[in-house]
Each structure stands twice: as structure tokens, then as C-alpha cells.
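The values are calculated or read from the model by the stated rules, or taken from the named source; none is laboratory data. Note that the coordinates shown come from a computational prediction; the quantities given were computed from them, not determined experimentally. Backbone-built Cβ (ideal geometry, glycine too); neighbour counts: all protein chains shown. The accessibility values were calculated without ligands, DNA or RNA, using every heavy atom of the protein model including side chains. Shrake-Rupley method; radii C 1.70, N 1.55, O 1.52, S 1.80 Å.
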Amino acid sequence: LSTLSKQNDCSMFMMLLALYNILLGKVTGKNDIVVGSPVSGRVNEDTENIIGVFINMLALRNSPSEELRFTTFLDRVKANTVACLDHEFYPYEDLVDELKIERDTSRNSLFDTMFVFHNFERQIFELSGLGVQGYNLEQNVSKFDLSLSAMEDDGQVCFRFDYSSDLFL
């Protein structure tokens, strides 16, 4: 995947997003796929040292098609992702309001599936005289119909699917 990403001049995020879109297209039989993805929301240097969560959601719409070569589709995903990232500062809630989408508190307004890519290095937290150990917190509730989380670590990519058991039992 890393080699393929480099050969196609795209990030691992873009490569995995393209593959996820193809998977969703195959499973659903649709070629209009909208996937949500969180972005840091810290585009301004003034927010770098402020404590708090500044996450914004992007709605990434792509159209996988069996008629397209993979590299052509990947180029489209890459261009679309760059265009969306150019507007990552625009608040998701304002976008939903502007589109005049009727809100349903039991559903997300623009997408039912999410993709998260973790590409940060694991850091060891040390304080003199204090032992710190990671804890794997199990999540028993899916916030979306289907979510794919990917994490790159030491040259390997690990995946985790979370899903609504009401839909996928």
C-alpha cells in the first residue's frame, strides 16, 4: 500500500479512502458514496497551544464505478480530498444548515459511514516516579452504521470495523 501510494503520488489516507469507497460501492451496489472523516480543526496557529477538541467533520463524496480503472478513480479521490481539505475550516454544522437538510437526531445528516486514519507516532509518556500504561477502552456503541479505522504503525496498517449490530447481524 505504501509503495502504491508513492507510485500514485497520494497519501496513505487517500489510498485507503479510495479502497473503502470501492468496498462500499461493491457492498451497496451504489456509485454515489459519502464518507465522513474527522479533521483536526486546528488550521490556525493561534489554536495550537489551546487545550480542547477542535475536530471538524468532512463529508467526502466519491463515485466508485466498475468502468473506471483503479488509478483513475484514485486520481479523482485525491483531487476531491484535496478540494475538501481546502475547506476543512468550514464548520460541518453550518454546511448542514446551508444545505437545508432536515435533521434527525438518530442519524447523521450527510453520511452513515466514517473513515478514520491514525498516522501519528506512538509516544511514550514518562514522568519521574510515575508509571503510565495504555488502556484499551472497548467501545460497545457504534456512532455510525459502519466505521473503518486504520492505523499505520511500524510499516503495518491495522484495520478496525465498527458497525451497528441492528443492521449487520
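Note on the chain: helix-only mean residue ellipticity at 222 nm, from DSSP H runs of 4+ residues weighted -39500 (n - 2.57) and normalised by residue number, equals -8500 deg cm²/dmol. Volume per residue for the chain equals 170 cubic angstrom (convex hull of Cα atoms).
Across region 139-155, computed HN-Hα scalar couplings (Karplus, 6.51 cos²θ - 1.76 cosθ + 1.60, θ = phi - 60°) run 10, 9, 10, 8, 7, 9, 4, 8, 10, 10, 10, 10, 9, 9, 8, 6, x Hz from first to last residue, x flagging Gly and Pro.
With 24 Å as the limit, the listed pairs LYS6/LYS30; LYS6/LYS78; LYS6/LYS143; LYS30/LYS78 have LYS6/LYS30; LYS6/LYS143 beyond it between alpha carbons. Maximal additional length on extending the GLU138-ARG69 stretch stands at 21.0 nm, based on 0.36 nm per residue less the C-alpha distance.
Does anyone have the angle between helix 12-28 and the longest principal axis of the chain? Alpha-carbon axes, 0 to 90°, nearest 10? The angle comes out near 50 degrees.
Note on region 30-159: dipole from Cβ charges, positive end direction compared against ILE33, SER65, ILE50; the farthest Cα belongs to SER65. Surface composition of region 1-104: carbon plus sulfur atoms contribute 53% of the solvent-accessible area (1.4 Å probe, protein chains only, all chains present).
In the chain, the longest principal axis of the Cα atoms and the axis of helix 70-85 are about 60 degrees apart. Take every DSSP beta bridge whose two residues both sit in region 56-169; close to 60 percent of them are antiparallel. Let me know the shape class of region 73-169, please: from the alpha-carbon gyration tensor, a ≥ b ≥ c as square roots of the eigenvalues, rounded when a/c is under 1.5, otherwise prolate if a/b is greater than b/c, or oblate. Because a/c hits 1.5 or more and a/b exceeds b/c, region 73-169 counts as prolate. Ligands, DNA and RNA are left out, and with a 1.4 angstrom probe the accessible area of the chain is 73 Å² per residue.
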